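> First the structure, which I've put down as structure tokens, then a few questions once you've had a look.
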Amino acid sequence: MGVGPPRRLAGSLSRVRCQAPTRTPSSAEALRKRVERGARPPGINAVVDLYNAVSIAYALPVGGEDIDAYAGSPRLTIAKGDEPFQTDQGRRTGDRASGSGEVVWLDDLGVTCRRWNWRQGPRTRITLDTRSMWFVLERLEPMPVTRLHEAGEMLKGSLRRLAPGIEIEIQLIDTA
């Protein structure tokens, strides 16, 4: 199973709203391509490595964020195009504006993740110092909801093995 449908949907939203198709593959696509070439996924830290493994296993965009790094609540919305997004591309950290019409996660300070859950900024990433986190597993048709639940259970079980006694709360957000 590939990650095509979510990419196509986000690409369609970008084209409709700002006439610019997405050129950057989702993190799930980049991970999967790396594995298909025989390379190992990058080791970042135990928690990020766990959710990357779920992403690879289920061909599903999975992201994790440090909830304590948020200013206000996370919100999924269509960007106006002037929201700041912190990047660290090329080992330089700086701000860029989000793309008009992009589907983004943001808080009171700006965009935390672009193109749904595909490109995370450094401000809210999970580090070794993170103590409270939240995860987003994105499913679009044709992936069955049961596969999404399986992916969530894999992540939950892996986190429990890593940190026995961890408190986990799951919420399914459905547009139907």
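Every number here is computed from the coordinates shown, using simple stated rules; none is lab data. Everything numeric in this text was worked out from a predicted model, so none of it was measured. Neighbour counts are summed over all protein chains in view; Cβ atoms, including those assigned to glycine, are modelled from backbone coordinates with ideal geometry.
> Indicate the gyration tensor shape class of the range 23-82 (rounded, prolate or oblate), computed on the Cα atoms with a ≥ b ≥ c the square roots of the eigenvalues: a/c under 1.5 is rounded; otherwise a/b larger than b/c is prolate and the rest oblate.
Oblate shape, in that a/c is at least 1.5 and b/c is the bigger or equal ratio.
> To continue, here is another question. Any idea what the relative contact order of the range 64-154 is, in percent, if you count C-alpha pairs under 8 Å spaced at least 6 apart?
31
> Okay, next question. Can you put V104, V47, V35 in order, fewest other beta carbons within 10 Å first?
Ordered by Cβ neighbours within 10 Å, fewest first: V35, V47, V104.
> If you don't mind, another one. Just how large is the dipole of the range 126-176 about the Cα centre, in debye to the nearest 20, putting +1 at every Lys and Arg Cβ and -1 at every Asp and Glu Cβ?
Computed about the Cα centre, the dipole is about 220 debye.
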